[in-house]
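Single-structure report; data block below.
The values are calculated or read from the model by the stated rules, or taken from the named source; none is laboratory data. Given the structure is predicted, the values throughout are model-derived calculations rather than measurements. Positions of Cβ are backbone-derived with ideal geometry, glycine not excepted, and every protein chain shown enters the neighbour counts. Heavy atoms of the whole protein, side chains included, go into the accessibility calculation; ligands, DNA and RNA do not. Shrake-Rupley method; radii C 1.70, N 1.55, O 1.52, S 1.80 Å.
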Amino acid sequence: MTEIRCGALLFDMDGVLIDSTPAVARVWRNWALAHHLNPEEVVSRAHGRPSITTVREYLPTADHEAENRIVERMEMQDLEGVIPLPGSRELLASLPAERWTIVTSSTRPLAEVRLRAAGLAIPKNLVTSSDVVNGKPHPEPYLKAAAVLQVPPEDCVVVEDVPAGVRAGKAAGARVIAFRTTCKDPDLRAAGADWVLKNCSQISLLNDIPDLMLRLLDA
């Protein structure tokens, strides 16, 4: 059991607060097959990054914006199995609204659709790929979230599930909790995760004055 203090919590969305893995895999698999690409490889590369990054990587000469709109439309239509991960609803409900937000590689329309499908609140200061120039693993998304909440990045704790997100959080100067929902512990540790947990059920709020005091179980 570990206790930590921080000014704010910055959550990734997919794989941290909600389980959208089956839907994401279905969409990218179908997209890969339509373009005669290796579906397993594409699905693996796509997770945790802005979709347009994957589109550019695999179709360098295509109309990237048009292809990205196709992928986004597919993702917004496929919500089967999109559910909250254990403990996420309870943890978010316990936190002061001004002390947390979500930082996702999804576009804003897709993020809002998935959060509603999972029955989770949409934070006022939601940061999506629609709001930044550089996506994860660049630190810009987490730096922007910290600035919006008016909390120094070094006083924030990022919660992630993939190495690209962990590296983004560390590059922003934050500490990072990684969940083993998507990747194995050694990969998360190698990316710089400070703690590796199962899911939100292992994080509890002890106090929120003046800082957030959190208890991490099985850290």
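Overview of values
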read-out	value
Calculated [θ] (222 nm, deg cm²/dmol) that DSSP helices of n ≥ 4 give over the chain, each run adding -39,500 (n - 2.57)	-11500 deg cm²/dmol
Relative contact order %, the chain, counting alpha carbon pairs below 8 Å whose residues are six or more apart	28
Net charge dipole size for the stretch 87-145 [Lys, Arg +1 and Asp, Glu -1 on Cβ; Debye, nearest 20]	80
Kirkwood Rh in Å, taken over the stretch 57-125 so that all alpha-carbon pairs contribute	14.0
Accessible surface, the stretch 28-69, averaged per residue in Å² (probe 1.4 Å)	56
Cα radius of gyration and Dmax for the stretch 79-161 (Å)	12.7, 38
Surface share of carbon and sulfur [accessible, 1.4 angstrom probe, percent] for the chain	52
1.4 Å probe accessible area per residue over the stretch 114-168, in Å²	40
Under DSSP loop assignment and at most 13 Cβ neighbours within 10 Å, longest trypsin sites (Lys or Arg not before Pro)-free interval of the chain	1-123
GNM result for the chain, Cα springs below 10 Å: residue of A172, A190, A32 fluctuating most strongly	A190
P(r) of the chain over all Cα-Cα pairs, binned every 10 Å from zero, in whole percent	9, 36, 38, 14, 3, 0
